[in-house]
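Just below is one structure, and these are the notes that go with it.
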């Protein structure tokens, strides 16, 4: 959690900063952009509600770059500028999906790749990219969607309030001059509430919550305080589709792991699982063992 807090404070000073190792396709040319190595797709990192690309992916982005992936990261969901610049991902999820669509199209255009892989946290690993896949043409442009504590099936408003309070508290402790006294703002938070997301969820899940041709991996933690209950992260999946649900505490050696919602993108085992999934390797909590993972993780 300390890694997130530090990155959050840093992003207050540079709210549009890219996480280390990541690119913005709109700032690159076809000649300067890093191309994905053979056998891999460009990786697009998608942050969650009230977050941004830097404070969510400062660690993961560099780890993926070090592993020789071509990494891209966007900020989204802040067009109305109703909250401080450090806070993003709060606007209408359907509109944010359109922003993701434009970003992915630019990545494909600049890199010449046929498809991308999406790695997202919270809203950015669940409901928003799933809307993009189903309704904004993403299905034919995405090979994998890897969700880290994804909000696939909603959460409680109390949990959203807990997340907002946590972010505000971290900033106040550091005496950061960001006016974030009312984070319970924005349509995205309401859309992810189990009390008010019935319509958007019904549209997304009509015919199943996975799509043919896309490979899904969901990584959750039993101590998630923002997506509650934590089982709301998992996909039900459609028979014959490619989807895997992994719970951190089901991995041998991690039964007592206490990682919560904001810490999961920085967890060393999660990072290694993401790398393996991006390479197309089989990942399954029943076969993963921490003793097999930790020795090959970059400190």
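FYI, it's all coordinate maths here, none of it is from the lab. Computed from a predicted structure; not experimentally measured. Note: ideal-geometry Cβ built from the backbone for every residue, glycine included; neighbour counts use all protein chains shown.
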Exercise for the section: Counting only DSSP beta bridges with both residues in segment 2-296, tell me the antiparallel percent, nearest 5. Expected result: 5
Handout entry: Inter-label distance for residue 139 and residue 286, nm, one decimal - labels placed 7 Å from Cα along Cα-to-Cβ
Key = 2.9
Completion exercise
Here, residue 236 and residue 32, labelled 7 Å along Cα→Cβ, have an inter-label distance in nm of 4.8
Exercise for the section: Within segment 64-91, which residues have the backbone N less than 11 Å from the label spot 7 Å out from residue 279 along Cα→beta-carbon, could you tell me? Expected result: 67-68
Fill in the blank from the handout: Taking 50, 131 and counting other beta carbon atoms within 10 angstrom, the fewest-first order is 131, 50
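Which order, highest average first, do 70-77, 240-247, 148-155 follow once you tally other Cβ atoms within 10 Å for each residue and take the mean per peptide?
Ranked by mean Cβ neighbours within 10 Å, highest first: 148-155, 70-77, 240-247.
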Exercise for the section: Fewest Cβ neighbours within 10 Å first, please rank 82, 220 accordingly. Expected result: 82, 220
Handout entry: Cα-projected label distance for residue 109 with residue 68, points at 7 Å along beta-carbon direction, nm
Key = 3.0
Exercise for the section: Before anything else, pin down the relative contact order of segment 37-114: Cα pairs under 8 Å, at least 6 apart, normalised by residue count, whole percent. Expected result: 32
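Multiply the residue separation of residue 81 and residue 223 by 0.36 nm, subtract the distance between their alpha-carbon atoms, and state the gained length in nm to one decimal.
Length difference between fully extended and current span is 47.9 nm.
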Problem - Sequence-separation-based contact order of segment 2-296, relative, with Cα cut under 8 Å and 6+ spacing, percent - result: 17
